[in-house]
């Protein structure tokens with residue numbers, strides 16, 4: 001069965017040879033899982049999926065989903081829009097992981113998460129709709145929980161981020177200022 005997320009957030013992850021869970025991405029309303037299998041790029045689901053929030057999904061045979069997507073030009077266009085956004089998101093995630101310094105990895109990751117899963121509150125301030133632990137952030141970035149805690153405390157002192165009970169408020173303008181990345185200022189994903 002193919003699944004389309006009607007509402008909620010799904011965590012996509014893998015388990016490495018040491019038994020550690022590593023977050024790959026999060027999927028939201030309007031997206032399909034397992035993507036590689038649905039689009040014929042893999043004979044099986046490549047990753048594991050868990051509901052991060054309460055979710056409602058449509059379960060559809062893969063062939064029926066293909067027929068539905070191709071039945072209407074507007075539906076096909078919407079699927080293309082969703083997957084171009086996912087491509088941009090994945091590219092931003094890779095860019096964050098390429099950074100050599102832990103602080104920069106975290107800044108780029110917070111910027112990426114704010115763009116993809118954030119709710120704007122006021123000028124340059126975004127609340128993440130994801131509830132993330134320090135371990136979740138460590139898993140997303142490939143750092144230790146302790147390193148994430150140290151780097152988050154630095155950013156908290158600089159008033160770049162604030163968090164409480166796994167809820168994060170991100171000052172995107174301050175992140176972009178620190179990174180010197182004006183080209184990301186008006187990007188939408």
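The values are calculated or read from the model by the stated rules, or taken from the named source; none is laboratory data. Please read all numbers here as calculations on a predicted model, not as lab measurements. Cβ: placed from backbone, ideal geometry, glycine included. Neighbour counts: every protein chain shown.
Below is a table of values for the structure above.
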{"quantity": "Single match in 122, 154 (criterion: modelled with pLDDT under 90 and under 16 Å from residue 174 (Cβ atoms))", "calculated": "122"}
{"quantity": "Extreme residue, farthest from residue 91 (Cα to Cα), among residues of segment 1-19 that are part of a loop (DSSP other than H, G, I, E, B) and in contact (Cβ under 8 Å) with a residue 24 or more places away in the chain", "calculated": "1"}
{"quantity": "Meets criteria (within 21 Å of residue 9 (Cα to Cα), in the same structural domain as residue 10 (by TED's automatic domain parsing) and surrounded by fewer than 16 Cβ atoms within 10 Å (Cβ to Cβ)) for residue 53", "calculated": "yes"}
{"quantity": "Meets criteria (outside the structural domain of residue 8 (by TED's automatic domain parsing), out of contact with any helix residue (DSSP H, G or I) (no Cβ under 9 Å at 6 or more places or on another chain) and not in a strand (DSSP E or B)) for residue 82", "calculated": "yes"}
{"quantity": "Scan of segment 104-125 for residues that are in a strand (DSSP E or B) and surrounded by fewer than 21 Cβ atoms within 10 Å (Cβ to Cβ), ordered by number", "calculated": "119, 120, 121, 122, 125"}
{"quantity": "Residues located in segment 20-35, provided they are part of a strand (DSSP E or B) and crowded, with 17+ Cβ neighbours inside 10 Å", "calculated": "23, 24, 25, 26, 27, 32, 33"}
{"quantity": "Per-region count, segment 126-164, residues surrounded by fewer than 14 Cβ atoms within 10 Å (Cβ to Cβ) and either outside the structural domain of residue 116 (by TED's automatic domain parsing) or in a strand (DSSP E or B) (or both)", "calculated": "1"}
{"quantity": "Verdict on residue 88 being without any contact (Cβ under 8 Å) to a residue 24 or more places away in the chain and under 20 Å from residue 29 (Cβ atoms)", "calculated": "no"}
{"quantity": "Residues (in contact with a helix residue (DSSP H, G or I) (Cβ under 8 Å, 6 or more places away or on another chain) and within 22 Å of residue 114 (Cα to Cα)) located in segment 28-38", "calculated": "28, 30, 31, 32"}
